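The values are calculated or read from the model by the stated rules, or taken from the named source; none is laboratory data. If you're wondering where the values come from, they're calculated on a predicted model, not measured in any experiment. Using ideal geometry, Cβ is built from the backbone for each residue, glycine included, and neighbour counts are taken over all protein chains shown.
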């Protein structure tokens, strides 16, 4: 196993952690709005680490470019979809969950 | 840092300018497609209609405006964005994995100071990727933001993001507290 392979495997650890944490957040957060945070933040960072890990294993520069492009497009789509879902929820009058008792 | 003029399309969109814009966008999108598919020639059966449709929609929805950007501001923004994304991911992970989800969410309204156009798009696009904030409404002069923690210094964080976006486009923001 070369040094780059090792580094690549190492980067997959935080990637996995953030994807798992994002999924846990999706399941445990109390309402639609807070779940949007789980999808847009934890998963994006998880994907970022996964993309970095795969870049280290890329055959050539074109693959590195392709991976960077995928990451950028997923970020843009994720942010846009988050806004569209949130906007529709506000429009339908969905009240955000608030903490009742301390 | 000298600001570069990137898109020199004129405001009064004459048909030749509109055509130029359409062709320019199609070329950029075709390069993106080429980046994804490499030398797989048959992919263009799907790619060509997709590129043409996307260029047409893009030119219709977003007519060209003059905009400038500063490479130094963009680099600083990229570094800031990566750092804040990690903090945002960590913040969600910490709240999700704590024994009782540690949240006190709410909606806030944030007055926009950036001018309409690419700067505002970049701002609204990145707010949702940064710690504890998600855009759920956009009005001409303000945005509605859902925050995970109302006690956090969200307002200051949004001001900071605004300043950094303004630096990318070489924009001078109006003074603080201009809008109520």
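Per-residue answers, yes or no, for (1) at pLDDT 95 or above; (2) in a loop (DSSP other than H, G, I, E, B); (3) in contact with a strand residue (DSSP E or B) (Cβ under 8 Å, 6 or more places away or on another chain):
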| position | (1), (2), (3) |
| --- | --- |
| B:89 | no, no, no |
| B:92 | no, no, no |
| B:108 | no, no, yes |
| B:131 | no, yes, no |
| B:137 | no, no, yes |
| B:172 | no, yes, no |
>> Scan the stretch B:122-131 and tell me whether some residue there is under 30 Å from residue A:60 (Cα atoms) and loosely packed, with under 14 Cβ neighbours inside 10 Å.
In response: no
>> Here's a check for you: in the stretch B:35-67, which residue that is surrounded by 15 or more Cβ atoms within 10 Å (Cβ to Cβ) and not in a helix (DSSP H, G or I) is nearest to the other protein chains (Cβ to nearest Cβ)?
In response: B:67
> Out of (1) in contact with a helix residue (DSSP H, G or I) (Cβ under 9 Å, 6 or more places away or on another chain); (2) without any contact (Cβ under 8 Å) to a residue 40 or more places away in the chain, the odd one out for residue A:61 is which?
Replying inline: (1)
> Taking into account only those residues within the stretch A:27-40 that are part of a helix (DSSP H, G or I) and at the interface with chain B (Cβ under 8 Å from one of its Cβ atoms), which is surrounded by the fewest Cβ atoms within 10 Å (Cβ to Cβ)?
Replying inline: A:28
>> Looking at A:72, A:61 in this structure, which one is under 28 Å from residue B:34 (Cα atoms), under 20 Å from the mean Cα position of the chain (by Cα) and more than 7 Å from chain B (Cβ to nearest Cβ)?
In response: A:72
> Out of the stretch B:88-99, which residues are over 14 Å from residue A:49 (Cβ atoms) and either touching a helix residue (DSSP H, G or I) at 6+ places or on another chain (Cβ under 9 Å) or touching a residue at least 60 places away in the same chain (Cβ under 8 Å) (or both)?
Replying inline: B:91, B:92, B:94, B:95, B:96, B:97
> With (1) within 7 Å of chain B (Cβ to nearest Cβ); (2) closer than 14 Å to residue B:129 by Cβ as the list, and residue A:81 as the residue in question, which single condition is left unmet?
Replying inline: (1)
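Kindly indicate whether residue B:154 is free of Cβ contacts under 8 Å to residues at least 60 places away in the same chain, under 23 Å from residue A:29 (Cα atoms), surrounded by 17 or more Cβ atoms within 10 Å (Cβ to Cβ) and in contact with a helix residue (DSSP H, G or I) (Cβ under 9 Å, 6 or more places away or on another chain).
Details: free of Cβ contacts under 8 Å to residues at least 60 places away in the same chain: yes; under 23 Å from residue A:29 (Cα atoms): yes; surrounded by 17 or more Cβ atoms within 10 Å (Cβ to Cβ): yes; in contact with a helix residue (DSSP H, G or I) (Cβ under 9 Å, 6 or more places away or on another chain): no.
Criteria not met by residue B:154.
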> Within the stretch A:42-62, is even one residue within 12 Å of residue B:96 (Cα to Cα) and touching a strand residue (DSSP E or B) at 6+ places or on another chain (Cβ under 7 Å)?
Replying inline: no
>> So if I check each of B:140, B:131, which one is more than 10 Å from chain A (Cβ to nearest Cβ), without any contact (Cβ under 8 Å) to a residue 60 or more places away in the chain and more than 23 Å from residue B:72 (Cβ to Cβ)?
In response: B:140
> For residue B:104, which of the numbered conditions (1) within 9 Å of another protein chain (Cβ to nearest Cβ); (2) farther than 23 Å from residue B:161 by Cα; (3) in contact with a strand residue (DSSP E or B) (Cβ under 9 Å, 6 or more places away or on another chain) fails to hold?
Replying inline: (2)
